[in-house]
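The values are calculated or read from the model by the stated rules, or taken from the named source; none is laboratory data. This structure is a prediction, so every number in the text was calculated from the model and none was measured. For neighbour counting, all protein chains shown are included, and Cβ atoms are generated from backbone atoms with ideal geometry for every residue, glycine included. Note: areas computed on protein heavy atoms with side chains; ligands, DNA, RNA excluded. Shrake-Rupley method; radii C 1.70, N 1.55, O 1.52, S 1.80 Å.
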Amino acid sequence: MNTRPRVYAEIDLDAVRENVRALRARAARAELMAVVKADGYGHGAVPCARAAREAGATWLGTATPDEAFELREAGIDGRMLCWLWTPGGPWQQAIEQDIDVSVSGMWALEEVIAAARTAGRAARIHLKADTGLGRNGAQPADWAELVGAAVAAQAEGTVQVSGLWSHFACADEPGHPSIQRQLDLFREMVAYAEKEGADPEVRHMANSPATLTLPETHFDLVRPGIAVYGVSPAPEVGTPERLGLRPAMSLKASVALVKTVPAGHGVSYGHHHTTAGETALALIPAGYADGLPRHASGRGPVLLGGSVRTVAGRMAMDQFVVDLGQSTGHGVRVGDEAVLFGSGEHGEPTAEDWAQAADTIAYEIVTRIGARVPRVYLGG
C-alpha cells in the first residue's frame, strides 16, 4: 500500500517561472508586477514571489499591508505595491519597509503624509483612478483635488507620486464596451495629473486578461495575478494551453476507504445520491474545510483509478465519496492517489472544471484551498 498524505497541494514553481516569462513576452515593453495577494492565490506567497522574481518580475503586488510585510520579513526586497488600506493602517511601517502604497482618496493621502513626516522620509504613492470599476479609486469629480494635494505634498517632500493606476471591470469579457471607455478615461486622468505636475515612474492598468489580450493597455507596467499561476482569467479569454500558460497547482488526496454497498444505499448527508446497484464507494478525505466548494456536491470531478469520476452526493466538511459504479474490477485501493485537479496534461480535471461544477470562477477554486492542506513545492 502506498503511504500518502491525507490531502496536499503540489505547487510547481517551474510553472510559475514559465508563466512569468510568457507574460513578460506578451508585454515586452512594460515592466511586470507579479500579484501575490491571498497567499499567492493559494499557492504560497513567499515561494511564488521568489520564483516570479527569478523569472524577471520587477514588482510584486499585494492587497493588504500584512501580505506585504510577510514578504519583507522573508527577506524579499525590490519594488512592491500594496493597495488595500483602511483608516489607521500601518502606513509608517510600509514607508519604512520601502513599500509603495496606493492612495484613492483625501483621507488616505492625509494619513500617509502624516506617517511620512513621522518616518522622516517620503512615501512613494500610486494615485488610483476609478475609471468605471466602482470599487477603490478616486472618481473623476474628485481627481483634481486629490492630484493637487498630492503634487503639493510632493513639492514639500513628504510624498513621491511614483504611480498612476486603475483597474478594469470587464477585461475578461473580450469586446465589452466598458474596456475602451475605461481606457480612454484613464488616459484623460493621467494626462491631467501630468499637466498638474505629477511625473510618475509607472502608469498601470492591465490585469491578467488585459496583459494577455489587450496590448494597448500595457503602459509602463502590467499586473498579472491569476495568470502567474497558470490559470486562465476566464474561458472566454482562452485555455491556459492556448495562452501559453501552465497551471502550477495540483490538488491530490489519498483514498481512505473502499467498501461495497448494496443497491439503493444512501450516500452522504441528505441522501442526495443513492446507489443504482451493488457498487463500491471510495472515501476521499478532503472537504469544504480544506477549501473544496460545497456547491460542487454531486458534480466535482476526480481522477481516480484511471477514470474521471464525480463526487457522489453532498460534500462534507472533511470528506466526500466517489461511487465507483461497480462492486469489483474498479481497480481502486485504499491509499491510491485521487487527483482532484491539476494541469490537465495527464487527463486529470482542472481548476476550471471545478469552477464550472461549483458555478464559480477558477480564481476562487485555487485561492480557497485552506491552510490545513500542506503545500509541497517542486522546482524550488
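One table, with the values for the structure above:
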read-out: With every protein chain in place, the range 266-309: carbon and sulfur % of accessible area (1.4 Å); value: 51 percent
read-out: Over the chain, relative contact order from alpha-carbon pairs under 8 Å, at least 6 apart, %; value: 19 percent
read-out: Among 110-119, 229-238, the order from most to least packed when residues are scored by Cβ within 10 Å on average; value: 229-238, 110-119
read-out: Length released on extending from Glu201 to Val46, taking residue separation times 0.36 nm less the Cα-Cα span; value: 53.2 nm
read-out: Pairwise label distance in nanometres, Met317 with Arg372, each label 7 Å out on the Cα-Cβ vector; value: 0.8 nm
read-out: Mean ellipticity per residue at 222 nm, deg cm²/dmol - from DSSP H runs of n ≥ 4 across the chain, formula -39500 (n - 2.57); value: -9000 deg cm²/dmol
read-out: Local electrostatic count, Thr64, Cβ distance below 10 Å [Lys/Arg +1, Asp/Glu -1]; value: -2
read-out: Contour excess over end-to-end distance, with Cα ends at Gln93 and Ala119 and 0.36 nm allotted per residue; value: 8.5 nm
read-out: Reach of Lys252 by Cα under 26 Å, taken over lysines that are not fewer than 8 positions away in the same chain; value: Lys37
read-out: Proximal charge balance of Gly291 [Cβ under 11 Å; K/R count +1, D/E count -1]; value: +1
read-out: Probe 1.4 Å, accessible area per residue of the chain, Å²; value: 41 Å²
read-out: Computed accessible area, Phe168, all protein chains, 1.4 angstrom probe, square angstrom; value: 10 Å²
read-out: Calculated SAXS-style log₁₀ I(q)/I(0) at q = 0.12, 0.13 Å⁻¹ - the chain, Debye, Cα scatterers; value: -0.90, -1.00
read-out: Computed label-point distance, nm, for sites Arg135 and Ala263 using a 7 Å Cα→Cβ extension; value: 5.3 nm
read-out: Label point distance in nm, Tyr192-His176, each placed 7 Å from Cα along Cα→Cβ; value: 2.4 nm
read-out: The range 241-365: Rg to Rh, with Rh as the Kirkwood radius over Cα pairs; value: 0.97
read-out: Taking the range 240-370 and dividing mean pair separation by its residue count, relative contact order in percent (alpha carbons under 8 Å, at least six apart); value: 29 percent
read-out: Relative contact order (%) - criterion: Cα under 8 Å, at least six apart; region: the range 1-91; value: 25 percent
read-out: 12 Å beta-carbon shell around Gly244, net charge (K/R +1, D/E -1); value: +3
read-out: Accessible carbon and sulfur surface of the range 36-195 relative to its total accessible area, %, 1.4 Å; value: 50 percent
